[in-house]
Amino acid sequence: MKKALTVVLAGIITTQAFGEHHLKLKPLPNKPPIPADNPMTKEKIELGKFLYFDPRLSGDGSTSCATCHSPEDAWGKNQILSPAYPGNEHFRHSPTILNSAYNSLQFWDGRAKSLEEQAKKPIVSPFEMNLHYDLMIERLKAIAMYREMFKKAFPDEQNPITLENAVKAIASFERTIVCNDSPFDKYLRGDKNALTKKEKLGLKLFTGKAGCIQCHNGANLTDNKFHITGVPKSKAEDRTLARITRNFVLKQAGFKNPDSIDRDLGRYFLTKDPKDKGSFKTPTLRNVALTPPYMHNGAFKTLKEVIEFYNKGGGNVPNKDKALKPLNLTEKEKKALIAFLKALTCENVPYVEEPELPDYDK
Ligand code: HEC
Ligand code: HEC
């Protein structure tokens, strides 16, 4: 590949190495996009924080958003498959919510567009929080401090305790769980010494020989699109309880014979288009060193395993994305790529202490 094709200009790395597209890497802006109908206020963010940590948003009071997206685990969950509502096992790995405010697609299959829309789903999901919305509203109404907080967060409304407002508050809180002070951001903003020699080699491979930038691009290192990479099944997916959950999701999606499908086929479960079989959203790579294991099913324990996977040209599946080819990386190059991925880690990852939750009215 010709070196001249990749340039750094005004803090943006642009490459034309992959055809007609100008693929770019940029520093993450200080503020994520904020929807016009949900402006950020101090009061809303504070309410959202309480709701995020409150397990009474689950049927049996056991499970909060933080159970599966934990501040201790860089806002993800460092286990192969996500925790689940008691008595169940999840069939997917829990992604981090850190910087998810910058993404235009939520979930591994992109089935939600906004954080507001996303937050509604786990609350009613029988294997996540398993709470009826009406029951949630009644619970929130029976807590004096929440009545007060909803009033302050939504001062113009007569009856502010609604599902819409609860998820607006949660989404506002999530929009504060962001960071953009990684060595890579500093490098893009002009500090040429922010990356070591090894990390710079990794960046060069990322945008060139290894071709990662074809899918992991933009400020959040995702094209916000879907690709078939052929990630192998993780053993945990075959456990009976995980299979039950997957079958349930398939049933709900209208598949007549869930047992005929033996693995997570990602976006296909949503679109039923055979072209989408095994297609998943390109995840962000920011802070990826903090959020193992990797992929929709936690199939890879380490970044080294991820790099070996790409070095082979991805998995062995039909319809695999054409961008994936064997890379012939040397050991030194593999290490440099991993070093670059680690340089995407923020210096100050936001941490929020679980608040002391208010009791129900006496
Ligand atoms: C029982 C575990 C569990 C609970 C509780 C839970 N989540 Fe999740 N969350 C997951 C899993 C697993 C996924 C990925 C599922 C998928 O893609 O189908 C996910 C996906 C997400 C995403 C999308 C991130 C991305 O990069 O695509 C966001 C945002 C999110 N959850 C926020 C929340 C919020 C807010 C709550 C509380 C209202 C919550 N979650 C409750 C397990 C959980
Ligand atoms: C064809 C598009 C494409 C290319 C090229 C690509 N990726 Fe990915 N990447 C994806 C998709 C899609 C996923 C999620 C796959 C899944 O979960 O099944 C992913 C997942 C990952 C993950 C796991 C992230 C997490 O949080 O679980 C890492 C790390 C990663 N890619 C790094 C790289 C590196 C390094 C390269 C270059 C060697 C690369 N990718 C090239 C599309 C791509």
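For the chain, the longest principal axis of the Cα atoms and the long axis of helix 240-252 meet at an angle of about 80 degrees. For the set LYS44/LYS281; LYS151/LYS342; LYS277/LYS312, the pairs lying more than 32 angstrom apart at their alpha carbons are LYS151/LYS342.
A helix-only calculation puts the chain at -9000 deg cm²/dmol for mean residue ellipticity at 222 nm, using -39500 (n - 2.57) for each DSSP H run of at least four residues, averaged over all residues. For ALA112, nonlocal amide neighbours, meaning residues 5 or more places apart or on other chains whose placed amide H falls under 5 Å from its own, are GLN106. Taking Cα atoms only, the orientation of helix 331-342 departs from the longest principal axis of the chain by about 30 degrees. What the Cα atoms of segment 210-362 give is an Rg and a Dmax of 18.5, 67 Å.
Note: relative contact order over the chain, using C-alpha pairs below 8 Å and six or more positions apart, is 23 percent. Its Cα centre serving as origin, segment 42-174 has a Cβ charge dipole (Lys and Arg +1, Asp and Glu -1) of approximately 140 debye.
Legend: distances between Cα atoms for LYS24/LYS204; LYS204/LYS320; LYS113/LYS322; LYS26/LYS335; pairs beyond 20 Å are LYS204/LYS320; LYS113/LYS322; LYS26/LYS335.
Springs between Cα atoms under 10 Å define the GNM used for the chain, and in it the highest mean-square fluctuation of HIS132, HIS227, HIS296 occurs at HIS132. For segment 197-262, the Kirkwood radius over C-alpha pairs fed into Stokes-Einstein at 37 °C and 0.692 mPa s yields D = 216 µm² per second. Quick check on segment 271-358: take the gyration tensor over C-alpha atoms, sort the square-rooted eigenvalues as a ≥ b ≥ c, and tell me if it's rounded (a/c under 1.5), prolate or oblate. Oblate, because a/c is 1.5 or more while a/b does not exceed b/c. Entry for segment 167-210 at q = 0.28, 0.29 Å⁻¹: log10 I(q)/I(0) = -0.95, -0.98, Debye formula applied to identical alpha-carbon scatterers, no solvent contribution. GNM on the chain, alpha-carbon springs under 10 angstrom: the most fluctuating residue among LYS120, LYS198, LYS256 is LYS256. Among ASP60, ASP37, ASP223, the largest mean-square fluctuation in a Gaussian network model of the chain, built with springs joining Cα atoms closer than 10 Å, belongs to ASP37.
Near PRO71, once Lys and Arg are set to +1 and Asp and Glu to -1 for all other residues with Cβ below 9 Å from its Cβ, the sum equals -4.
Based on the Kirkwood radius over alpha-carbon pairs, what is the Stokes-Einstein translational diffusion coefficient of the chain at 4 °C with 1.567 mPa s viscosity, in µm²/s? Translational D for this selection: 60 µm²/s.
With all pairs of separate Cα atoms included, segment 42-174 yields a Kirkwood hydrodynamic radius of 15.0 Å.
Values in this text are rule-based calculations from the coordinates and carry no lab data. Quick caveat: nothing in here was measured; it's all calculated off a predicted structure. Here the Cβ is made from the backbone with ideal geometry for all residues, glycine too, and neighbour counts use every protein chain on show.
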